[in-house]
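Read-outs: derived from the displayed coordinates by stated rules, not from any lab. It should be emphasised that the depicted structure is a prediction, and the values quoted were computed from it without experimental measurement. Cβ placement follows ideal geometry from the backbone for every residue including glycine, while neighbour counts extend to all protein chains displayed.
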């Protein structure tokens, strides 16, 4: 299996986070890479929930700090909501990707030769926030 480094940067180019996405096929869509990264981050957190979530998508009640997203209350997070928030951010033009030094794209279905890519940069117009479910 292959791996790729995914960095998230602000619109001004400041690096906000960096992670390695493991266990990818040699060719994968940006959507598949993003989803695998988010699901892994949420699963890691859910294995031992604490006050700080380290991940690409920010929980609704969290504030971003240098060590991650500090939450008001630890709880189990919903990976599906986090993936949905990222996909919606792309659709709203708030998140784009740059593969190595290529032009930015918002095409989640673009296939990447993972073994040939040095890194993928996720350019954020603003933080991607996963909303909690509305009270039922």
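Observations on the structure shown:
- Tensor-based shape of the stretch 78-132 (alpha-carbon gyration tensor, a/c under 1.5 rounded, otherwise prolate or oblate): prolate
- Entry for percent of Cα pairs over 17 Å apart (calculated from the structure that is shown) out of [x] 57; [y] 65; [z] 52: [x]
- Folded to 0 to 90 degrees: helix 79-91 orientation relative to the chain principal axis, Cα: 50
- Note on the chain: GNM, Cα springs under 10 Å; of 119, 70, 27, the largest mean-square fluctuation is that of 27.
- Burial ordering of 22, 69, 14, fewest other beta-carbon atoms within 10 Å first: 14, 22, 69
- Going from the residue with the fewest nearby Cβ atoms within 10 Å to the one with the most, 10, 66 rank 66, 10.
- DSSP bridge pairs, the stretch 2-130: antiparallel proportion in percent, nearest 5: 75
- Degrees, to the nearest 10: 30-47 long Cα axis against longest axis of the chain: 30
- Among 126, 18, 98, the largest mean-square fluctuation in a Gaussian network model of the chain, built with springs joining Cα atoms closer than 10 Å, belongs to 126.
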